[in-house]
Ligand SMILES: [Fe+2]
């Protein structure tokens, strides 16, 4: 894993640090071909009736405010023109995987690392990697909501707390696993209990044609009020519909829960969470040791 890790350099004090991340790329819009726009159009239009029925109102308001074109791949610059004045968030293009600390640190700085690739036409229903539809249609509308935006920033603060504590790699791996699980069961697959019934706010649901309805209607899905101690110890698999989902009452309540996650982290309660998915790789662990110093 060391081979593809960032290169260390001396900072003049003898301490080894890693240069700031350069994960960001330009979205070269001219590289999208007609097939990409067709794919976006198909994905977007078939979601509309499901969004109207199952998405939480903050998402629907956000979708309207971003003015995404139903027939064209979005330009991030345009999206940011609507998004940034609302919450300070911006979507910035990346080519793919970002080590865990860098990812959360971006959220702390109100930057959302955004995949710009369009999924292949033969994988419209399920594509295991994030793509621009998942990231822009699934995540970004939520970033227009002030309370939700604060939740994301607090996840970033949580990562900084883990980097500050830096004990040993195994404990860090456990802290990352706890954060990743909590993020998964909320930001990616969260449900909200509302007076109009259960609605989705998780981007994995909001970008999935099949799973959005399933997550709310299917008797096969277990839905429980979010419990921190459960979520951080609960493994998950990404390649099938989620059998277990957690509900929150509000984003303010979720914000408080991320605050509790930070307190637990400080108290060492995340150093030994249950083993299992997700696996934490060496680059994720290194990112907490190497890059934190100069940005804490
Ligand atoms: Fe996501």
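What follows draws every value from the coordinates through simple rules; no lab data is involved. Not measured: the values here are computed from a predicted model. Because the Cβ atoms are built from the backbone with ideal geometry, glycine has one as well, and the counts that use them run over all protein chains shown.
For a test of the definition: using alpha carbon positions, the gyration tensor, and the 1.5 limit on a/c, classify the chain as rounded, prolate or oblate.
Taking the square roots of the gyration eigenvalues as a ≥ b ≥ c, the chain is oblate.
What's the ranking of 179-191, 263-275, 104-116 by average number of surrounding C-beta atoms within 10 Å, highest first?
Highest-to-lowest ranking by the protection proxy: 179-191, 104-116, 263-275.
Given R₀ = 30 Å, FRET efficiency for residue 221-residue 42 by Cβ-Cβ distance, to 0.05?
0.70
Out of all DSSP beta bridges with both ends in the range 21-288, state the antiparallel percent to the nearest 5.
30 percent
Among 240, 37, 160, what is the fewest-to-most ranking by other Cβ atoms within 10 Å?
240, 37, 160
What is the distance in Å between the Cα centres of the range 106-166 and the range 174-188?
Centre-to-centre distance over Cα atoms comes out at 13 Å.
In the range 48-132, what is the volume of the convex hull around the alpha carbon atoms, normalised per residue and reported in Å³?
Per residue, the Cα convex hull of the range 48-132 comes to 124 Å³.
State, to one decimal in nm, how far the label point of residue 34 lies from the label point of residue 61, with both points 7 Å from Cα in the Cβ direction.
Reported label-point gap for residue 34 and residue 61 is 4.1 nm.
Shape of the range 142-296 from its Cα gyration tensor (a ≥ b ≥ c, root eigenvalues): rounded if a/c is under 1.5, otherwise prolate when a/b > b/c, or oblate?
Because a/c hits 1.5 or more and a/b exceeds b/c, the range 142-296 counts as prolate.
Of 98, 25, 198, how do they rank once you tally other Cβ atoms within 10 Å and put the fewest first?
Placing the least packed residue first, the sequence is 25, 198, 98.
Per-residue ellipticity at 222 nm for the chain, helices alone: DSSP H runs ≥ 4 residues times -39500 (n - 2.57), over residue total, nearest 500 deg cm²/dmol?
My calculation for the chain gives -13000 deg cm²/dmol from helical runs alone.
If each residue of separation counts as 0.36 nm, what is the full-extension length gain between residue 126 and residue 266 once their alpha-carbon separation is subtracted?
Working it through step by step, the gained length comes to 46.6 nm.
Run the numbers for residue 52 and residue 244: contour at 0.36 nm per residue of separation, minus the present Cα-Cα distance, in nm.
The span from residue 52 to residue 244 would gain 66.8 nm if fully extended.
Compute the distance from the alpha-carbon center of the range 22-92 to that of the range 203-280, in whole Å.
When both Cα centres are located, 25 Å separates them.
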